[in-house]
């Protein structure tokens, strides 16, 4: 068993948060172990909780459509979330839940070693772009520690605000362009992680 599969097995039995006792299945993540691109969403929803897989509901269908725009399938990328258990009634993740899950996410990044991390939504974005607004920085990226961090709206945003659909598509189509010029992108200073997730 690979280290990543072993890690996913550990995540499935994690009980750090109270919400773990009410879940159907944990949702560690899935995709290519050596993926160039890692997509990080916010939290599993009902469909994900039922199947134990990320982005399998309506937002996931739109993500598949977005991947097809840049000639990719989900098997070629890695998809996960900031937290690995569905919050009750799909509420936002709590700061402590994000902190509890952060070591899992850090380990996934360490094992996959992606060239690009795409944050989907504000909770994912806030882990890597501190104090920023998604409306300000969507469609932009920074290179830190050899990884391009790229901010996008969550695919679910297009389901609630149809006007964002074309914006999200345009942001997605920038991904291969950034990867193509990866070596010429200047490294930004590494941001210190906040001790408290006050941005939430």
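Keeping to the range 45-70, report how many residues are touching a residue at least 40 places away in the same chain (Cβ under 8 Å) and out of contact with any helix residue (DSSP H, G or I) (no Cβ under 8 Å at 6 or more places or on another chain).
So the answer is 0.
Being in contact (Cβ under 8 Å) with a residue 24 or more places away in the chain and loosely packed, with under 15 Cβ neighbours inside 10 Å is true for just one of 108, 136, 96. Which residue is that?
Values: 108 fails: loosely packed, with under 15 Cβ neighbours inside 10 Å; 136 fails: in contact (Cβ under 8 Å) with a residue 24 or more places away in the chain.
Result: 96 is the single residue among 108, 136, 96 that is in contact (Cβ under 8 Å) with a residue 24 or more places away in the chain and loosely packed, with under 15 Cβ neighbours inside 10 Å.
How many of the residues in the range 163-179 are in contact with a helix residue (DSSP H, G or I) (Cβ under 7 Å, 6 or more places away or on another chain), surrounded by fewer than 15 Cβ atoms within 10 Å (Cβ to Cβ) and farther than 17 Å from residue 68 by Cβ?
Number satisfying all stated conditions: 0.
Among the residues of the range 45-55, is any surrounded by 18 or more Cβ atoms within 10 Å (Cβ to Cβ) and farther than 21 Å from residue 120 by Cα?
So far as the range 45-55 goes, no, none of its residues is surrounded by 18 or more Cβ atoms within 10 Å (Cβ to Cβ) and farther than 21 Å from residue 120 by Cα.
From the list 154, 160, which one is closer than 20 Å to residue 66 by Cβ and modelled with pLDDT under 90?
After applying the criteria, what remains is 160.
Would you mind telling me which numbered condition in (1) within 19 Å of residue 175 (Cβ to Cβ); (2) in contact (Cβ under 8 Å) with a residue 12 or more places away in the chain; (3) more than 13 Å from the chain's Cα centre (by Cα) residue 40 fails?
(3)
Which of (1) crowded, with 17+ Cβ neighbours inside 10 Å; (2) closer than 23 Å to residue 46 by Cα; (3) touching a helix residue (DSSP H, G or I) at 6+ places or on another chain (Cβ under 9 Å) is the odd one out, the single condition residue 102 does not satisfy?
Going through the list (1) crowded, with 17+ Cβ neighbours inside 10 Å; (2) closer than 23 Å to residue 46 by Cα; (3) touching a helix residue (DSSP H, G or I) at 6+ places or on another chain (Cβ under 9 Å), residue 102 breaks only (1).
Within the range 72-88, identify whether any single residue is touching a helix residue (DSSP H, G or I) at 6+ places or on another chain (Cβ under 8 Å), free of Cβ contacts under 8 Å to residues at least 40 places away in the same chain and assigned to a loop (DSSP other than H, G, I, E, B), and answer yes or no.
Looking for residues that are touching a helix residue (DSSP H, G or I) at 6+ places or on another chain (Cβ under 8 Å), free of Cβ contacts under 8 Å to residues at least 40 places away in the same chain and assigned to a loop (DSSP other than H, G, I, E, B), one finds at least one in the range 72-88, hence yes.
Inspect the range 150-160 for any residue being crowded, with 20+ Cβ neighbours inside 10 Å, touching a residue at least 12 places away in the same chain (Cβ under 8 Å) and over 15 Å from residue 59 (Cβ atoms) and give the result as yes or no. It would help to see each step written out before you state the result.
Residues of the range 150-160 that are crowded, with 20+ Cβ neighbours inside 10 Å, as a first pass: 150-158.
Okay, now just the ones that are also touching a residue at least 12 places away in the same chain (Cβ under 8 Å), so 150-158.
Okay, now just the ones that are also over 15 Å from residue 59 (Cβ atoms), so 150-151.
Checked the range 150-160: at least one residue is crowded, with 20+ Cβ neighbours inside 10 Å, touching a residue at least 12 places away in the same chain (Cβ under 8 Å) and over 15 Å from residue 59 (Cβ atoms).
The values are calculated or read from the model by the stated rules, or taken from the named source; none is laboratory data. A quick note: this is a predicted structure, and the numbers were derived from the prediction, not measured. For neighbour counting, all protein chains shown are included, and Cβ atoms are generated from backbone atoms with ideal geometry for every residue, glycine included.
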